């Protein structure tokens, strides 16, 4: 088992990465009182709930099982968690375990952030995407029909428990979507890792356990370093949003759940790469190299046909990075180096989007 | 104008107290960008909105007017604020001004806490109760049908602007309810202030401006000291909940909005005083003295007739101070000295409630 640390003063916490972690006794030290609630979904429940429950025999454990999918990441479903906790008379010192992918982690974390103004929670991510990205860093929240992740809170977990064994049950589509976020770390700040990924993507797709463990660890190291520097995203943390301004527009525009988050941001990263080329940072060869790695991963880099540049711009105008209505995007200075959000003219965005679509 | 400071490191902020503060230019220094949203209600809008708007002519100001009353302090109404802000394309650097009483401050503050994971906000309290209590300290949130203030966040404002002139428009019932929270400070930690209140309650009821200004300032000093010591209520801050365990049960049990918050906690403080007597801390004379000051304020100290001790206990079992299901209550060691939350047996609570009701 590897152990990393997210260094945030009194809010610091460990990330455990390894095989069969549900069998190690990692939970106890991070749980404050008898009351434990597990938030999971209908897909994960039959696979891993019993395993986690075995670790929690000493506690009063309650379980709430939500439907599976991004379209359920709403305030209304978070309210069902609140109601459940109140009916069970859960106190402020209870602990919530989010057992699932990014949707469960985001919703469970947000419920933990707001229930009685904040209770402890543990992230137990069961998708690659959640393991390498959303479970680390304390971003929690839900979608609004007008914008992705628009309602939420920064609320750091007590611990992140990443059992790499669970990836065995992940379908190929989910695996590829997770690799998109892994590639992102290479693109924004870790050229060495990017080159490693170019050479090892097949191993990841074949679920080679050593390769997966390395990719998860390297991703979490990158994430933890950025989060430790800028917990509340007042500066550098924004580069983690590379590809997300475009990607969120695709997710919102096409209807939550149609594209997996990783699928949408893979396209978004290619669009942001093209914009970076237009701004004179990247070469055409760089952009092609970026498209290639996503295609090798089995991710479609073609933009949705039925979404106009106008629709993108409309949706991108609602984005957390924007200031006073200006659309701000993360670009790459080079492969391996992202720049901070920059305001981009609508006309340039439209041009990039139209030319991307025409490709 | 008086200026106090809530000392919380990087989250420190001023409380301004004085007459006609809306005319001083206090807003500008606390606003980050062009985008300003004012959250207010139908009662306050015709009285003070134009006055505040005059101060904000240099900004893009949008206003959302909510219905007035505790029964509207729900997640659903907070969601209307999110939708409004998204429709107006408000960014993460926008500023929300909560112009109203405690309900508007709590809801507006909670919306600010969660919109795009947190935007800046300014408290402009227009009731005595909000001025002396809820606007200071960063507690925000909404009610759940199963419990008062059960969903929320700690989110500190940029500033609290207390214009004592607005109290002129407050009805007598609201004024008395506000005085209940003022008296609370005397009871829990400021015996000198309690004695001053015993001697000056008539002046407050006659809206003597010097007396009101003194009471507000002294209350805010007490509140700011406690909050600075214990922002997240891991210890001493809980004493601010004196009377609230009983009072919240009354509010929830009778239906939100039937009792004003101050009315409910006035009864709750008398019930907590009787419990303190049963535990051997207060004398019968102390309890009478406490009841007397509330009665002089014009507050009813008779418990609602149609609420059984069983109902109280059921509702009190859902309280943020509870641990592992034990009901915990703040008692007084003496008038002017509260003790930290203590677990109280259900049988003793029932006995105190029944004997209080029989009085």
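The values are calculated or read from the model by the stated rules, or taken from the named source; none is laboratory data. Since the structure is predicted, the reported quantities are computational estimates derived from the model, not experimental observations. Positions of Cβ are generated from backbone atoms using ideal geometry, with glycine treated the same way; all protein chains shown enter the neighbour counts.
Looking for whichever is surrounded by 23 or more Cβ atoms within 10 Å (Cβ to Cβ) and farther than 26 Å from residue B:328 by Cβ here; the options are B:260, B:197, B:206. Which one fits? Quick ask: steps written out before the conclusion?
Numbers: B:260 fails: farther than 26 Å from residue B:328 by Cβ; B:206 fails: surrounded by 23 or more Cβ atoms within 10 Å (Cβ to Cβ).
Answer to the check: B:197.
Can you confirm whether residue B:319 is at pLDDT below 95, touching a strand residue (DSSP E or B) at 6+ places or on another chain (Cβ under 9 Å) and in a loop (DSSP other than H, G, I, E, B)? Can you show your working first?
Numbers: at pLDDT below 95: yes; touching a strand residue (DSSP E or B) at 6+ places or on another chain (Cβ under 9 Å): yes; in a loop (DSSP other than H, G, I, E, B): yes.
Judged against the criteria, residue B:319 is a match.
Listed here are the residues, each with its yes/no results for (1) without any contact (Cβ under 8 Å) to a residue 12 or more places away in the chain; (2) more than 24 Å from the chain's Cα centre (by Cα); (3) surrounded by 18 or more Cβ atoms within 10 Å (Cβ to Cβ); (4) not assigned by TED's automatic domain parsing to the domain that holds residue A:124.
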residue	(1), (2), (3), (4)
A:41	no, no, yes, no
A:45	no, no, no, no
A:53	no, yes, no, no
A:57	yes, yes, no, no
A:75	no, no, yes, no
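From B:243, B:178, which residue is at positive phi and in contact (Cβ under 8 Å) with a residue 60 or more places away in the chain?
B:243
So which residues in the range A:258-270 are more than 21 Å from residue A:352 (Cβ to Cβ), outside any helix (DSSP H, G or I) and under 16 Å from the mean Cα position of the chain (by Cα)?
Our first condition is that a residue be more than 21 Å from residue A:352 (Cβ to Cβ); within the range A:258-270, this holds for A:258, A:260-262.
Imposing the further condition that a residue be outside any helix (DSSP H, G or I) reduces the set to A:258, A:260.
Answer for the range A:258-270, where residues must be more than 21 Å from residue A:352 (Cβ to Cβ), outside any helix (DSSP H, G or I) and under 16 Å from the mean Cα position of the chain (by Cα): just A:260.
Restricting to the range B:29-44, what's the tally of residues that are away from chain A (no Cβ under 14 Å) and closer than 28 Å to residue B:70 by Cβ? Spell out the reasoning first.
Kept after step one, since they are away from chain A (no Cβ under 14 Å), are these residues of the range B:29-44: B:29-30, B:38-44.
If we keep only those that are closer than 28 Å to residue B:70 by Cβ too, we end up with B:30, B:38-44.
Looking only at that region, the number is 8.
Among the residues of the range B:291-314, write down those that are part of a helix (DSSP H, G or I), over 18 Å from residue B:178 (Cα atoms) and touching a helix residue (DSSP H, G or I) at 6+ places or on another chain (Cβ under 7 Å). Step through it out loud before you land on a result.
Here is the first cut: in the range B:291-314, the residues part of a helix (DSSP H, G or I) are B:291-296, B:309-314.
Subset that is over 18 Å from residue B:178 (Cα atoms): B:309-314.
Within the range B:291-314, B:309, B:311, B:312, B:313 qualify.
Just to be sure I understand, how many residues within the range B:233-257 are farther than 15 Å from residue B:332 by Cβ and in a loop (DSSP other than H, G, I, E, B)?
The total comes to 6.
Quick check on residue A:353: is it within 15 Å of residue A:274 (Cβ to Cβ), crowded, with 22+ Cβ neighbours inside 10 Å and assigned by TED's automatic domain parsing to the domain that holds residue A:240? Reasoning before the result, please.
Details: within 15 Å of residue A:274 (Cβ to Cβ): yes; crowded, with 22+ Cβ neighbours inside 10 Å: yes; assigned by TED's automatic domain parsing to the domain that holds residue A:240: yes.
Judged against the criteria, residue A:353 is a match.
Limited to the range B:45-95, what total is found for residues that are part of a loop (DSSP other than H, G, I, E, B), touching a strand residue (DSSP E or B) at 6+ places or on another chain (Cβ under 6 Å) and over 18 Å from residue B:28 (Cβ atoms)?
Narrowing the range B:45-95 to residues part of a loop (DSSP other than H, G, I, E, B): B:56-59, B:67-69, B:73-74, B:88-94.
With touching a strand residue (DSSP E or B) at 6+ places or on another chain (Cβ under 6 Å) added as a condition, the list becomes B:56, B:59, B:68, B:73-74, B:88, B:90-91, B:93-94.
Then drop every residue that is not over 18 Å from residue B:28 (Cβ atoms), which leaves B:68, B:73-74, B:88, B:90-91.
Here the count works out to 6.
Keeping to the range A:4-26, report how many residues are closer than 15 Å to residue A:160 by Cβ and in contact with a strand residue (DSSP E or B) (Cβ under 7 Å, 6 or more places away or on another chain). Working first, answer last.
Step one: of the range A:4-26, the residues closer than 15 Å to residue A:160 by Cβ are A:4-8, A:11-18, A:21-22, A:24, A:26.
Filter once more, so that each one left must be in contact with a strand residue (DSSP E or B) (Cβ under 7 Å, 6 or more places away or on another chain): A:4-6, A:12-18, A:21-22, A:26.
Within the range A:4-26, residues that are closer than 15 Å to residue A:160 by Cβ and in contact with a strand residue (DSSP E or B) (Cβ under 7 Å, 6 or more places away or on another chain) number 13.
Please determine, by comparing only the residues of the range B:145-171 that are more than 14 Å from chain A (Cβ to nearest Cβ), part of a loop (DSSP other than H, G, I, E, B) and touching a helix residue (DSSP H, G or I) at 6+ places or on another chain (Cβ under 8 Å), which one is surrounded by the fewest Cβ atoms within 10 Å (Cβ to Cβ).
Residues of the range B:145-171 that are more than 14 Å from chain A (Cβ to nearest Cβ), as a first pass: B:157-171.
Next cut, part of a loop (DSSP other than H, G, I, E, B) only: B:157-158, B:170-171.
Checking which are touching a helix residue (DSSP H, G or I) at 6+ places or on another chain (Cβ under 8 Å) leaves us with B:157-158, B:170.
Details: B:157: 30, B:158: 20, B:170: 18.
That would be B:170.
Suppose we filter the range B:102-144 for residues that are assigned to a loop (DSSP other than H, G, I, E, B), within 12 Å of another protein chain (Cβ to nearest Cβ) and free of Cβ contacts under 8 Å to residues at least 60 places away in the same chain; how many remain? Reasoning before the result, please.
First, pick out the residues of the range B:102-144 that are assigned to a loop (DSSP other than H, G, I, E, B): B:116-119, B:126-127, B:135-138.
After this cut, where a residue has to be within 12 Å of another protein chain (Cβ to nearest Cβ) as well, the list is B:116-119, B:137-138.
Restricting the remaining residues to those that are free of Cβ contacts under 8 Å to residues at least 60 places away in the same chain gives B:116-119.
Within the range B:102-144, residues that are assigned to a loop (DSSP other than H, G, I, E, B), within 12 Å of another protein chain (Cβ to nearest Cβ) and free of Cβ contacts under 8 Å to residues at least 60 places away in the same chain number 4.
Just wondering, is there one or more residues in the range B:212-232 that are outside any helix (DSSP H, G or I), touching a residue at least 60 places away in the same chain (Cβ under 8 Å) and surrounded by fewer than 21 Cβ atoms within 10 Å (Cβ to Cβ)? Full working, then the answer.
Filtering the range B:212-232 for residues outside any helix (DSSP H, G or I) gives B:230-232.
With touching a residue at least 60 places away in the same chain (Cβ under 8 Å) added as a condition, the list becomes B:231-232.
So of that shortlist, the ones also surrounded by fewer than 21 Cβ atoms within 10 Å (Cβ to Cβ) come out as B:231-232.
Yes, because at least one residue in the range B:212-232 is outside any helix (DSSP H, G or I), touching a residue at least 60 places away in the same chain (Cβ under 8 Å) and surrounded by fewer than 21 Cβ atoms within 10 Å (Cβ to Cβ).
I need a count of the residues in the range B:326-345 that are surrounded by fewer than 15 Cβ atoms within 10 Å (Cβ to Cβ) and more than 23 Å from residue B:185 (Cα to Cα).
1
crowded, with 24+ Cβ neighbours inside 10 Å and within 14 Å of chain B (Cβ to nearest Cβ): does that describe residue A:94? Can you show your working first?
Numbers: crowded, with 24+ Cβ neighbours inside 10 Å: yes; within 14 Å of chain B (Cβ to nearest Cβ): yes.
Yes: the conditions hold for residue A:94.
Check A:315, A:353, A:332 and return the single one that is in contact (Cβ under 8 Å) with a residue 24 or more places away in the chain and over 23 Å from the mean Cα position of the chain (by Cα).
Numbers: A:315 fails: over 23 Å from the mean Cα position of the chain (by Cα); A:332 fails: over 23 Å from the mean Cα position of the chain (by Cα).
Unique residue meeting the criteria: A:353.
Look at residue A:286 and say whether it is surrounded by fewer than 23 Cβ atoms within 10 Å (Cβ to Cβ) and closer than 19 Å to residue A:195 by Cα.
On the way: surrounded by fewer than 23 Cβ atoms within 10 Å (Cβ to Cβ): yes; closer than 19 Å to residue A:195 by Cα: yes.
Here the answer is yes, as residue A:286 does meet what is asked.
What number of residues within the range B:10-28 are free of Cβ contacts under 8 Å to residues at least 24 places away in the same chain and within 14 Å of chain A (Cβ to nearest Cβ)?
1
Looking for something away from chain A (no Cβ under 14 Å), surrounded by fewer than 23 Cβ atoms within 10 Å (Cβ to Cβ) and in contact with a helix residue (DSSP H, G or I) (Cβ under 6 Å, 6 or more places away or on another chain) - is there at least one such residue anywhere in the range B:245-256? Before the answer, list the steps.
Pass one, the range B:245-256, residues away from chain A (no Cβ under 14 Å): B:246-247, B:250-251, B:253-256.
Going one step further and asking which of them are surrounded by fewer than 23 Cβ atoms within 10 Å (Cβ to Cβ), we end up with B:253-256.
Still in the list and also in contact with a helix residue (DSSP H, G or I) (Cβ under 6 Å, 6 or more places away or on another chain): B:253, B:256.
Yes, the range B:245-256 contains a residue that is away from chain A (no Cβ under 14 Å), surrounded by fewer than 23 Cβ atoms within 10 Å (Cβ to Cβ) and in contact with a helix residue (DSSP H, G or I) (Cβ under 6 Å, 6 or more places away or on another chain).
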